[in-house]
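Worksheet: one structure, shown below.
The values are calculated or read from the model by the stated rules, or taken from the named source; none is laboratory data. It should be emphasised that the depicted structure is a prediction, and the values quoted were computed from it without experimental measurement. Every residue, glycine as well, gets a Cβ built from its backbone with ideal geometry; the counts of neighbours run over all protein chains shown.
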Amino acid sequence: MIQKLKKRRAGCALLSAAILLASMAVPYPAFAAQAQDLLPENGLLESAGTDEVKLDFAADMDGVDEKDRKFKTTITFESYDDSDTGFNDLTESIMVGDTKFILSSIDNLKMTDSHTPERRTMELTTDTFLKGTENDFLPEESMKKGGASWTLTEKELVDKEIEDRTKEAVATKRYVGVEKGVPIPDTIEYTYTDEDTGESIQEMLPLTDQSGGAWYWMPFEFPITISGYGADVLDLNGTEVPADANLADYSDDFLDLLGLSQKYYRIDSINWDGEPYERSGEMYRKAVGTGEKYVTDIDAVYSATVTLPHQDGAAWECLYTEELDDSRRAVYTYTAEAVYVSSAEQTPFGRIMGVISAFYHSVIEAIKEHPVLAAVQMVVLAALVTFLVSRRKKKCLYDDSRKCAYKQDCANCPYYTTLSKDSNNG
């Protein structure tokens, strides 16, 4: 009786360890019913502007009802894995009405066929360009798109009109030494060149923005022509000026004559420019006035939407073919006998077995993909389980109310000896 008890406890400890490992691992997501809805229902999904690639899966559902607790059926599925265990995204669950059935076991798994998968194709058309420049717009020989590699297998040059297009033309111009009250031009003539086609058009762009800098004084000069030269008195806009006078002394009168403000202009000197000359019987002489004017620099922006007329163009129509990577160079067809259990009516034992089964298959997959890392994780988990189980065994194996003082060395335990004698006497 005592030996049977020991074996039963050992069996419970082993089962507990298996469940603990299953719960601590990060398993293949099948068979954990709460994780089912996070995965695609069927197959491998890839998108690259072409039809999706899906692996086939079929099950004999004749006579199966959504109220069944479980059912057994023959399944046929495809896989890229030549050593598939039958537990994968395709087979993990089946919907019967509104009830999901979870794969519980696989028997008589056989590979029945293998073939090279059909390669997908993808059609692309390049941007339109001017005829005669097709060599500058050759399509890429290969590309990555939608998680797959593609190789150019066909290309054809086709006519394609470059339609009327609107572009935003912007020009900036700096005006230096702008005098007070003098406006800058409202429009400028601008040559816009399209970067795509190289086409140029002339447009008048309106002034849309301007900003001025600091004001400063800069030199300026103005011409003066004096008629009646040689007379004793000259008439300067109603002011009599002696012929031998210094004209610079009359700078304010000259500014009034020119219509310039004394606040923004000043004359420093007026000097003769050349000898006197006669015209139509009257004597003339030229002079040049010099001084300073108060000015600023203005940065102007001219912009408008311009329309580029349509042109005859061309484009490359391309056909790309998918390149299969090492993991997808062959498709294998399997058949098997499978048992599915309803997720709505699974017994506690069935759930436990499902978790253990999922853990087993996840360990197999992990070892295949990362053998070294998986081995390290298993060692760590085993050590942890051993530690937890050893801590639990501090209590007596035969009486939970007692603590073991003999490190499970029952042969030296007086309590064990008493139990043995009572058992033999009985």
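Given the residues 139, 117, which is the only one that is closer than 30 Å to residue 199 by Cβ and touching a Lys or Arg at 6+ places or on another chain (Cβ under 8 Å)?
Working: 117 fails: closer than 30 Å to residue 199 by Cβ.
That would be 139, the only listed residue that is closer than 30 Å to residue 199 by Cβ and touching a Lys or Arg at 6+ places or on another chain (Cβ under 8 Å).
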Matching option when the condition is over 27 Å from residue 87 (Cα atoms), more than 33 Å from the chain's Cα centre (by Cα), modelled with pLDDT of 85 or more and surrounded by fewer than 19 Cβ atoms within 10 Å (Cβ to Cβ), among 339, 301: 301
Subset of the range 78-118 that is surrounded by 13 or more Cβ atoms within 10 Å (Cβ to Cβ) and of a type in the set (A, V, I, L, M) - its residue that is farthest from residue 329 (Cα to Cα): 96
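So if I check each of 241, 170, 158, which one is of a type outside the set (Ser, Thr, Tyr), in the same structural domain as residue 131 (by TED's automatic domain parsing) and not in a loop (DSSP other than H, G, I, E, B)? Step through it out loud before you land on a result.
Working: 241 fails: in the same structural domain as residue 131 (by TED's automatic domain parsing); 170 fails: in the same structural domain as residue 131 (by TED's automatic domain parsing).
Criteria check complete, one pass: 158.
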Residue 136 vs. criteria at pLDDT 90 or above and of a type in the set (D, E, K, R): no
Enumeration of residues in the range 157-169 that are surrounded by 11 or more Cβ atoms within 10 Å (Cβ to Cβ) and either of a type in the set (Lys, Arg) or under 31 Å from the mean Cα position of the chain (by Cα) (or both): 160, 162, 163, 165, 167, 169
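Please determine whether any residue of the range 103-118 is of a type in the set (D, E, K, R) and under 30 Å from residue 66 (Cβ atoms).
At the first step, the residues of the range 103-118 found to be of a type in the set (D, E, K, R) are 107, 110, 113, 118.
Restricting the remaining residues to those that are under 30 Å from residue 66 (Cβ atoms) gives 107, 110.
Yes, the range 103-118 contains at least one residue that is of a type in the set (D, E, K, R) and under 30 Å from residue 66 (Cβ atoms).
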Among (1) within 26 Å of residue 60 (Cβ to Cβ); (2) surrounded by fewer than 19 Cβ atoms within 10 Å (Cβ to Cβ) - the single one residue 312 does not satisfy: (1)
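With respect to residue 251, determine if the residue is surrounded by 11 or more Cβ atoms within 10 Å (Cβ to Cβ), modelled with pLDDT of 85 or more and outside any helix (DSSP H, G or I).
no
Kindly provide the set of residues from the range 126-156 that are farther than 24 Å from residue 323 by Cα and exposed (fewer than 12 other Cβ atoms within 10 Å of the Cβ), ordered by number.
Once the filter is applied, which keeps residues that are farther than 24 Å from residue 323 by Cα and exposed (fewer than 12 other Cβ atoms within 10 Å of the Cβ), the range 126-156 yields 127, 132, 135, 136.
When residues of the range 74-125 are filtered for being among the small types (Gly, Ala, Ser) and either closer than 29 Å to residue 323 by Cα or within 36 Å of the chain's Cα centre (by Cα) (or both), how many remain?
Of all residues in the range 74-125, those among the small types (Gly, Ala, Ser) come to 79, 83, 86, 93, 97, 104-105, 114.
Next, from what is left, pick out any that are either closer than 29 Å to residue 323 by Cα or within 36 Å of the chain's Cα centre (by Cα) (or both): 79, 83, 86, 93, 114.
So the answer is 5.
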Enumeration of residues in the range 179-203 that are in a strand (DSSP E or B) and free of Cβ contacts under 8 Å to residues at least 40 places away in the same chain: 189, 191, 193, 200, 202
Residue under evaluation residue 315, criteria (1) part of a helix (DSSP H, G or I); (2) small (Gly, Ala, Ser); (3) closer than 30 Å to residue 193 by Cβ, criterion not met: (1)
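State whether the residues of the range 205-224 include one that is more than 24 Å from residue 175 (Cα to Cα) and either touching a strand residue (DSSP E or B) at 6+ places or on another chain (Cβ under 7 Å) or of a type in the set (Ser, Thr, Tyr) (or both).
So the first thing to find is which residues in the range 205-224 are more than 24 Å from residue 175 (Cα to Cα), and the list is 224.
When the remaining residues are screened for being either touching a strand residue (DSSP E or B) at 6+ places or on another chain (Cβ under 7 Å) or of a type in the set (Ser, Thr, Tyr) (or both), the result is 224.
Yes, there is a match, as at least one residue in the range 205-224 is more than 24 Å from residue 175 (Cα to Cα) and either touching a strand residue (DSSP E or B) at 6+ places or on another chain (Cβ under 7 Å) or of a type in the set (Ser, Thr, Tyr) (or both).
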Those residues of the range 210-223 which are assigned to a strand (DSSP E or B) and surrounded by 11 or more Cβ atoms within 10 Å (Cβ to Cβ), in sequence order: 210, 212, 216, 217, 218, 220, 221, 222
